[in-house]
1. What size of dipole, in debye to the nearest 20, comes out for the chain about its Cα centre when the only charges are +1 on Lys and Arg C-beta atoms and -1 on Asp and Glu C-beta atoms?
2. I need Leu5, Leu32 ordered by Cβ neighbour count within 10 Å, fewest first.
3. Among the DSSP beta bridges whose two residues both lie in the chain, what percent are antiparallel, rounded to the nearest 5?
4. Normalising by the residue count of the chain, find the relative contact order in percent from Cα pairs under 8 Å and 6+ residues apart.
5. What is the fewest-to-most order of Ile15, Ile2, Ile29 by other Cβ atoms lying within 10 Å of their Cβ?
6. At a 10 Å Cβ-Cβ cut-off, how would you order Val18, Val38, Val27, Val6, fewest neighbours first?
7. Please identify every one of the trypsin sites (Lys or Arg not before Pro) in the chain that sits in a loop by DSSP and has no more than 10 other beta carbons within 10 Å of its own beta carbon.
8. Out of (1) 1.00; (2) 1.11; (3) 0.92, which label holds the value of Cα Rg over 2.2 N^0.38 Å that was computed here?
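All of the numbers you see were taken from the coordinates with simple rules; none came from a lab. Quantities reported herein were computed from a predicted structural model and do not represent experimental measurements. With ideal geometry, Cβ positions are generated from the backbone for all residues, glycine too; neighbour counts draw on all protein chains shown.
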Amino acid sequence: MINALVAGATGYIGIQLVKLLTKHKRVKIKYLCGDTSVGKKISSYDKYFNKYKLPNIVKFNKELLNSVD
């Protein structure tokens, strides 16, 4: 299993990337990062994500990189 972090997860490209990663069987999205949307659910930006259990958005920091691939 690959643990992933998506920076800029609530922007257009970030949302498209998260959609692709949710379809990948060997990827676990561990962190969704954004600056202005900390604490929110990504499903508030796109209802597509309602069917997935995804982490809330957190502020990016370098320490998070230690726990992802």
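1. Values: 13 positive and 4 negative charges, 74 e Å.
Dipole size: approximately 360 debye.
2. Numbers: Leu5 18, Leu32 26.
Lowest to highest Cβ neighbour count: Leu5, Leu32.
3. Details: 0 of 8 bridges.
Just about 0 percent of them are antiparallel.
4. On the way: 112 pairs, mean separation 25.5, N = 69.
Relative contact order for the chain comes out at 37 percent.
5. Working: Ile15 19, Ile2 12, Ile29 22.
With the fewest neighbours first, Ile15, Ile2, Ile29 line up as Ile2, Ile15, Ile29.
6. Details: Val18 22, Val38 12, Val27 15, Val6 25.
Fewest-to-most Cβ neighbours within 10 Å comes out as Val38, Val27, Val18, Val6.
7. Details: sites: Lys19, Lys23, Lys25, Arg26, Lys28, Lys30, Lys40, Lys41, Lys47, Lys51, Lys53, Lys59, Lys62; in loops: Lys23, Lys25, Arg26, Lys40, Lys41, Lys53, Lys59.
Sparse-neighbourhood loop trypsin sites (Lys or Arg not before Pro): Lys23, Lys25, Arg26, Lys53.
8. Identified label for the calculated read-out: (1).
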